[in-house]
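The values are calculated or read from the model by the stated rules, or taken from the named source; none is laboratory data. All figures in this text were calculated on a predicted structure; none of them were measured in a lab. Note that each Cβ is placed from the backbone with ideal geometry, even for glycine, and that neighbours are counted across all protein chains shown.
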Amino acid sequence: MKRRKPALILDHDKLRYNMRSVIGWCGAAGIDVAGVIKITGGMASVARDYAECGAYMIASSRLEQLARAKNAGVDIPMLMIRVPMISELEELVEICEYSLQSEYATLKALDEAAVRAGKVHNVILMADLGDLREGFFELEELVDVAKYVEDVLSGLHLAGIGTNLGCYGSVMPTEDKMDQLVSYAEAVEEAIGRPLEIVSGGATSSLIPVFDKYMPSKVNLLRIGALSFTGPLEDLRTSYGRKEADALHDDVFTLEAEVIEVRTKPTHPIGKLGVDATGRKRTYVDRGMRKRALLAIGRADYGELDDIIPQLEGAEVIGASGDHTILDIEDCKEPVRVGDVIRFKLKYTAILRLTSSENVTTYEI
């Protein structure tokens, strides 16, 4: 099949291999996985892959993505992982069985929405352990709100507590942080007089305590997306040096972009320099005259230059504007011609943007 360019290729066999590996690592530690589909724009086929590979829930920060998965017949619970807006609570109770929560006012409004819909909605109260994104910062407030949900809000069920680490404050899931989460869970359980079903210890970075075997047994849910799609290209491998990620595929998604110009040009711009298309002042290294290829895709589609990795040996991404990408191909052993297709491996943010780009067609194999 001739593919329209630029093209984003999703290899489901490689994706399922990664998913089974990640879910297997967690399962061996007694931990369920909420499979996050946000990076793909909420593709229903990816949600089905997660369900078939043993995920306990499907998770996203976008209600429309979870609705798409549910409408496609994915029949495991849906989890909203961004604290919801009050304006979307009516939709939330229809689409999701679970949500993360951190505001008293939202919980009260959610209870009213659930009662009107004749449903009981499951909530996971978030504890902020220092990463400083969402969550109750003081244990006393967390316990008080947990008791309020348990004793007063008939439309809600307190399913558990959770935390987020690394997404804003770069805080790592160290042993003391995991123990702190467990102590918070135990304080809530003592206050409500029963065990919690869920203690959610974070996202992909919280695989570190799984690998290093200091994850407390009480932590039984992780919310994982990135690693299944990028493998060793980033996150656990590049951010934390974890070799476990090397067992995964790093080309679940591949970008194909077409060459529209090949020229030998200077490597330093000629004239008085200001800012580039993104408003940034750049520094250029004069390497003399070198051959380069211009591609019909740009930063409007994938974001940062470092997030795309050319598979053509010897090629180097040297710059881009919104709609063009420039490769240095002087050292390539293979000839590059106008009309050729260059393939790239992708980091997380590039996939996230490409799956939402109107300029890029996604193909599934």
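Under the condition of being closer than 19 Å to Phe253 by Cα and of a type in the set (Ser, Thr, Tyr), the residues counted in segment 309-324 number 0.
Of the residues that make up segment 127-147, is at least one surrounded by fewer than 22 Cβ atoms within 10 Å (Cβ to Cβ), touching an Asp or Glu at 6+ places or on another chain (Cβ under 8 Å), among the hydrophobic types (A, V, I, L, M, F, W, C) and in a helix (DSSP H, G or I)? No; the residues of segment 127-147 include none that is surrounded by fewer than 22 Cβ atoms within 10 Å (Cβ to Cβ), touching an Asp or Glu at 6+ places or on another chain (Cβ under 8 Å), among the hydrophobic types (A, V, I, L, M, F, W, C) and in a helix (DSSP H, G or I). Residue pairs whose Cβ atoms lie under 6 Å apart, sitting 6 or more positions apart in sequence or on different chains, and linking a residue in segment 334-346 that is modelled with pLDDT of 95 or more and among the charged types (D, E, K, R) to a partner that is surrounded by fewer than 20 Cβ atoms within 10 Å (Cβ to Cβ) and part of a loop (DSSP other than H, G, I, E, B), are Arg343/Gln311; Lys345/Asp251. When Thr278 is tested against (1) modelled with pLDDT of 95 or more; (2) β-branched (Val, Ile, Thr); (3) within 30 Å of Leu227 (Cβ to Cβ), just one condition goes unmet, and that condition is (1).
Output the residue which, of all residues in segment 29-49 that are in contact (Cβ under 8 Å) with a residue 60 or more places away in the chain and part of a helix (DSSP H, G or I), is surrounded by the fewest Cβ atoms within 10 Å (Cβ to Cβ). Only one residue fits best here, namely Ser45.
Only one entry in Ile37, Ile31 is in the same structural domain as Arg237 (by TED's automatic domain parsing), on the phi < 0 side of the Ramachandran plot and either modelled with pLDDT under 95 or in contact with a Phe, Trp or Tyr (Cβ under 8 Å, 6 or more places away or on another chain) (or both), namely Ile37. The sole residue among Val93, Val115 that is over 30 Å from Asp179 (Cβ atoms) and touching a Lys or Arg at 6+ places or on another chain (Cβ under 6 Å) is Val93.
Hey, can you tell me all the residues within segment 209-251 that are of a type in the set (D, E, K, R) and in a loop (DSSP other than H, G, I, E, B)? Once the filter is applied, which keeps residues that are of a type in the set (D, E, K, R) and in a loop (DSSP other than H, G, I, E, B), segment 209-251 yields Asp212, Lys213, Lys218, Glu234, Asp235, Arg237, Arg242, Asp250, Asp251. With respect to Lys291, is the statement that it is more than 29 Å from the chain's Cα centre (by Cα), farther than 30 Å from Ser61 by Cα, part of a loop (DSSP other than H, G, I, E, B) and outside the structural domain of Gly42 (by TED's automatic domain parsing) true? When the stated conditions are applied, Lys291 does not pass them.
Output yes when any residue across segment 152-168 is part of a helix (DSSP H, G or I), in contact with a Gly (Cβ under 7 Å, 6 or more places away or on another chain), aliphatic (A, V, I, L, M) and at pLDDT 95 or above, and no when none is. No, segment 152-168 contains no residue that is part of a helix (DSSP H, G or I), in contact with a Gly (Cβ under 7 Å, 6 or more places away or on another chain), aliphatic (A, V, I, L, M) and at pLDDT 95 or above. Filtered by the rule that a residue be under 19 Å from Ser99 (Cα atoms), part of a loop (DSSP other than H, G, I, E, B), in contact (Cβ under 8 Å) with a residue 12 or more places away in the chain and not small (Gly, Ala, Ser), segment 173-208 gives Leu196, Glu197.
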